[in-house]
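The next block holds one structure in the form of structure tokens; read it before the comments.
Laboratory data are not the source of any read-out in this text; all were calculated from the coordinates shown. It should be emphasised that the depicted structure is a prediction, and the values quoted were computed from it without experimental measurement. Every residue, glycine as well, gets a Cβ built from its backbone with ideal geometry; the counts of neighbours run over all protein chains shown.
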């Protein structure tokens, strides 16, 4: 897709193939009218999906100067600015970029805004980026809710479990290979490779989360270290295989 900057009667627009991202007369006024039509409430973050040039961000900033505005672009044609803008040429993945900014936020604090002309211009790639953004926001919010609900329990359990230590283990830093295994479909697909590597002359140090340990042991793979941090009442069941 080829983008080019084209003059409008007032300021500039962007042409993407045969589609225009902004008004050919007054892009800033067009953006203001669109933002006004959404009847937005204050949010801590506004995430703009391919807003093109900065007209939408300017209209939002004037309306809510205390909000942070994040722009997500479909093309590297649009440059990054001030650390709150992402495009496919960025050094970070979209998900990592959003996690760094929204790590302490809840979904209710975030408002997603799509610029409709961009869907016409970029089609499926624009929709895919919007979908990835929504999924990432949901995941970040779910993680925060988990910490909020279980955080105190985790801390309480850590203090309580310190009293139960009989043979504390100290891991000495080294330069050997390490495998960290979590539960999931990719673990099932990797059993043979992990077993082959563990039986090699230079086996890696294998760390497994407690939910992955039973699956590894069933396949004859013994972890060197099992990590259990889940604060839920079901977490103890993950350790039964370790007791055996």
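How would you rank 99, 192, 30, going from fewest to most other Cβ atoms within 10 Å of each one's own Cβ?
In order of increasing Cβ crowding within 10 Å: 192, 99, 30.
Please work out whether the range 64-123 counts as rounded, prolate or oblate from its C-alpha gyration tensor, where a ≥ b ≥ c are the square roots of the eigenvalues and a/c under 1.5 means rounded, while otherwise a/b larger than b/c means prolate and anything else oblate?
On the way: a/c = 1.76, a/b = 1.28, b/c = 1.38.
Cα axes put the range 64-123 in the oblate bin.
Suppose each label sits 7 Å from its Cα in the direction of the beta carbon; what would the residue 241-residue 61 distance come out to in nanometres?
Taking the two extended label points, one gets 5.3 nm.
So what's the chain giving for Rg/Rh, alpha carbon basis, Kirkwood Rh from the mean inverse pair distance?
Rg/Rh: 1.13.
How high is the relative contact order of the range 69-154, given as a whole-number percent (alpha carbon pairs under 8 Å, six or more residues apart)?
Here the relative contact order equals 28 percent.
Based on the mean of other Cβ atoms within 10 Å per residue, sort peptides 139-146, 48-55, 15-22, 174-181 so the most packed one is first.
Ranked by mean Cβ neighbours within 10 Å, highest first: 48-55, 15-22, 139-146, 174-181.
Counting DSSP beta bridges with both partners in the chain, what percentage is antiparallel, nearest 5?
The antiparallel fraction comes to roughly 25 percent.
Which order results if 86, 234, 197 are arranged by neighbouring Cβ count within 10 Å, fewest first?
Ranked by crowding around the Cβ, least crowded first: 234, 197, 86.
Could you calculate the FRET efficiency of residue 147 with residue 25 from 1/(1 + (r/R0)^6), where r is the beta carbon distance between them and R0 is 45 Å, rounded to 0.05?
The value I calculate is 0.40.
Suppose the chain between residue 202 and residue 11 were pulled fully straight at 0.36 nm per residue; how much longer would it get relative to their current alpha carbon spacing?
Result for the pair: 62.3 nm of gain on full extension.
Compute the Cα gyration tensor for the range 185-225, then decide on rounded, prolate or oblate, letting a ≥ b ≥ c be the square roots of its eigenvalues: rounded whenever a/c is under 1.5, prolate when a/b is larger than b/c in the other cases, and oblate in all that remain.
Values: a/c = 1.89, a/b = 1.31, b/c = 1.45.
Oblate.
When a/c is below 1.5 the answer is rounded, else prolate if a/b is larger than b/c, else oblate, so apply that to the range 169-243 with a ≥ b ≥ c taken from the square roots of the Cα gyration tensor eigenvalues. Working shown, then result.
Details: a/c = 2.07, a/b = 1.33, b/c = 1.56.
Since a/c reaches 1.5 but b/c is at least a/b, the shape of the range 169-243 is classed as oblate.
What is the fewest-to-most order of 106, 128 by other Cβ atoms lying within 10 Å of their Cβ?
Lowest to highest Cβ neighbour count: 128, 106.
Given an 8 Å cut-off on Cα distances and at least 6 residues of separation, report the relative contact order of the chain as a percent.
13
What value, in deg cm²/dmol to 500, does the helix sum -39500 (n - 2.57) over DSSP H runs of n ≥ 4 give at 222 nm once divided by the residues of the chain? Can you show the working numbers first?
On the way: 9 runs with 97 residues, N = 244.
Only helices count here, giving -12000 deg cm²/dmol.
In the range 3-145, how does Rg compare with the Kirkwood Rh, expressed as the Rg/Rh ratio over alpha carbon atoms?
Reported Rg/Rh, Kirkwood definition of Rh: 0.95.
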